[in-house]
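First the structure, in the form of C-alpha cells, and then the observations on it.
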Amino acid sequence: MNTIIKQVRLIPLLLLGLLLSNVASAQQTLVLKDALNYAIQNSANTRKAKLDIEGGRYKTEEVRAQALPSVTGNAGLTYNPIIGQLVVGPDLAFKMGRAWNSSAGVQLNQQLFNQQVFTGLKAARTSESYYNASAELTDEQIIEQVANNYYQVLVNRQQLNVIDTNIKNVKVVENIIGNQYKNGLARKIDVDRIKVNLTNLETRREQTLNAIVQLENQLKFSMGMPVETAIVLPKSELDHNPTLPTFADSVNVENRTEMKLLNIQKDLLTLQRKAYVAEYYPTLALAANYSYTGQSDKFDLFKKNGEAFWYGASAVGVTLKVPIFNGFATRSRVRQADVDLKKATEDRRETRNALNLAYENAKIQLKNSVNTINSQRANVLLAQEIYNSTQNNYNNGLAALTDLLDTENALTEAQNSYTQALLNYKIAEIQLIKSNGNIKSLLQ
C-alpha cells in the first residue's frame, strides 16, 4: 500500500519534469551564424527579392512574346432584317448579300523588323541580372541588420549583469547600514540614501530588461522569426579581447554589390536610350489571314443539305511603317535619356566615394574601439579595486557613505563604458567586413 502511495506521489513530479524539459527545449540557443542563415531563408525582404527574380523572368517572357508570331481566331453570325441594295441605272437593283451570314477565320501577325522590340529583349535579359544583384544586396543588408541587432542584445544583457552585480553590492551595504542603524551607529538619512540608490538600480534593471525584450523582438522580426519564439544568445558570442585586423590601404569597391547594381542600372538606361533612338527606324511586319464565310436567305447555314453558299478568302502582305515627323517627341525622349545617364554616372561616383568613406571610418572606429576597450578594461579593474577599498574603509568607519556611493557610481559608469566599447567594436567590425565585400562570410 505504501509503495503504491509513493508511486502516485511521484506522478506530479514526473509531469513537472517533463514540462520543464519541454520549456527548456522550446528555447533556441542562437549563435550568430545560425541567426544569419535563418534570416537569409525566412526574412520577408529576402523572400520578396526572390519573388522579384521570378517576376523578372516572366517579364522577359512577356517582352519575348512581342518578337513571336501573334495568331488570333474570330467567328461571327449576323442576321440582316433589311438587306441593302446596289442600284444600277434607273430600273435595275441588286441585293447586297443575304439575310443570314456566318464567318470564321484566323489572322497571323509577325514582326519582321522592329528595333524597339529587339532592344526591349536585351533590356529584359539585363533586368534579370538587375533583380539578381538586387537580391544579393538585400541579403547583405539583412546580414548587417541582424548582426547589429544580435550584438545589441548581447551588450544589453551584459549591462543587465552589471546592474545585477551592483544591486548585490548595494544590498550588502544596506544590510550593514541597517544593522548599524539598529545599534545607533548610523543615521536615518544614510539608510534612506541606500534605499533610494537601491530603488534606482532596480528601476534601471527593469528598464534594461524591457529594452532587452524589445531588442530581442526586433532581432526576431528582422530574422523573419515568430516574435513569440524563445531564444537564448550565448555570451561567448561577444568577444571581450578583440584585436586589430590587418588593414589594407584601400579596397576595390568595384566588386561591391552596390557598384554592380549601379553598373547594371546604367546598362538599362543605355538600352532605354537605344529604344528611344529606335523610334527613328522603320518597322516591317508580316500579316496573313484566312476566312470562311457562308450566306443564306434562311437559317440553314449549318445544315448539311441547306441552301447556304460558303466561300473562302485569304490574304498575305507586309506592312512597312516609316516615321517622318512626330513633333520632336523622340528627340526629347532621347535627350531625357542622356540626362538620366549623366545622373547615373554621378550616382556611381558618389557611391564609390561613400563606400571608400565607410571603409576609412570603419578602420578608425575599430582602432578607437580597441583602445577604448583596453583602457576601459583597466579602468573597470581600477574602479573595482577602489570600490572594494572604499567599502572596506566604510565598514571600518574610515570612509563616509558619500564616498562609497561615489565609487559605486564610478564603477557602474566604467562598466557601462566598457560594454558600450564592445558594441562599437562589433558594429565597426561588421562595417569593415562589409567594406571588403565579405559580409557573407559571417554565414559560415
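Which residue pairs have Cβ atoms under 6 Å apart, sit 6 or more places apart or on different chains, and have a first residue in segment 183-200 that is acidic (Asp, Glu) and a second that is modelled with pLDDT under 90?
ASP190/ILE177; ASP190/LEU401
Are there any pairs, at least 6 apart or on different chains, whose C-beta atoms fall under 6 Å, with the first in segment 242-257 and open to solvent by 80 Å² or more (accessible area, probe 1.4 Å) and the second assigned to a loop (DSSP other than H, G, I, E, B), and if so, which?
Cβ pairs passing all conditions: ASN255/GLY437.
In this structure, is GLN391 open to solvent by less than 80 Å² (accessible area, probe 1.4 Å) and assigned to a helix (DSSP H, G or I)?
It is true that GLN391 is open to solvent by less than 80 Å² (accessible area, probe 1.4 Å) and assigned to a helix (DSSP H, G or I).
Given the criterion over 30 Å from VAL106 (Cβ atoms) and either of a type in the set (Phe, Trp, Tyr) or in contact (Cβ under 8 Å) with a residue 12 or more places away in the chain (or both), identify the matching residue among ASN379, ASN388, ASN371.
Working: ASN388 fails: either of a type in the set (Phe, Trp, Tyr) or in contact (Cβ under 8 Å) with a residue 12 or more places away in the chain (or both); ASN371 fails: either of a type in the set (Phe, Trp, Tyr) or in contact (Cβ under 8 Å) with a residue 12 or more places away in the chain (or both).
That would be ASN379, the only listed residue that is over 30 Å from VAL106 (Cβ atoms) and either of a type in the set (Phe, Trp, Tyr) or in contact (Cβ under 8 Å) with a residue 12 or more places away in the chain (or both).
Considering each of LEU121, LEU112, LEU108 in turn, give the residue that is open to solvent by less than 40 Å² (accessible area, probe 1.4 Å), over 30 Å from GLN444 (Cα atoms) and touching a residue at least 24 places away in the same chain (Cβ under 8 Å).
LEU121
So, in segment 94-103, how many residues would count as being open to solvent by 50 Å² or more (accessible area, probe 1.4 Å) and either under 60 Å from the mean Cα position of the chain (by Cα) or farther than 9 Å from GLN295 by Cβ (or both)?
Here is the first cut: in segment 94-103, the residues open to solvent by 50 Å² or more (accessible area, probe 1.4 Å) are 94-96, 98, 100.
Filter once more, so that each one left must be either under 60 Å from the mean Cα position of the chain (by Cα) or farther than 9 Å from GLN295 by Cβ (or both): 94-96.
Number of matching residues: 3.
Can you tell which of ILE373, ILE427, ILE386, ILE433 is in contact with a His (Cβ under 9 Å, 6 or more places away or on another chain) and of a type outside the set (D, E, K, R)?
None of the others qualify; the one that does is ILE373.
Kindly indicate the residue of segment 46-66 that is under 23 Å from VAL117 (Cα atoms) and among the hydroxyl-bearing types (Ser, Thr, Tyr) and also modelled with the lowest pLDDT among those meeting that condition.
Filtering segment 46-66 down to residues under 23 Å from VAL117 (Cα atoms) leaves 52-66.
Filter once more, keeping what is among the hydroxyl-bearing types (Ser, Thr, Tyr): 58, 60.
Working: TYR58: 93, THR60: 90.
Among them, the one singled out is THR60.
Checking THR229 against (1) surrounded by 15 or more Cβ atoms within 10 Å (Cβ to Cβ); (2) of a type outside the set (Asp, Glu); (3) under 17 Å from ALA35 (Cβ atoms); (4) touching a residue at least 60 places away in the same chain (Cβ under 8 Å), which single condition isn't satisfied?
Answer for THR229: the failing condition is (1).
Every residue, every condition in (1) closer than 30 Å to LYS434 by Cβ; (2) modelled with pLDDT under 90, yes or no:
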residue: ALA99; (1), (2): no, yes
residue: GLY105; (1), (2): no, no
residue: GLN116; (1), (2): no, no
residue: GLY120; (1), (2): no, no
residue: ALA124; (1), (2): no, no
residue: TYR131; (1), (2): yes, no
residue: SER134; (1), (2): yes, no
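Would you check which residues across segment 325-380 are modelled with pLDDT under 95, open to solvent by 70 Å² or more (accessible area, probe 1.4 Å) and among the hydrophobic types (A, V, I, L, M, F, W, C) and list them?
PHE325, PHE328, LEU357, ILE364, listed by residue number.
The values are calculated or read from the model by the stated rules, or taken from the named source; none is laboratory data. What you are looking at is a predicted structure, and each value in this text was computed from that prediction instead of being measured. Heads up, the Cβs are rebuilt from the backbone with ideal geometry, glycines too, and the neighbour counts pull from every protein chain shown. Just so you know, the surface numbers come from the protein's heavy atoms only, side chains and all, with ligands and any DNA or RNA stripped out. Shrake-Rupley method; radii C 1.70, N 1.55, O 1.52, S 1.80 Å.
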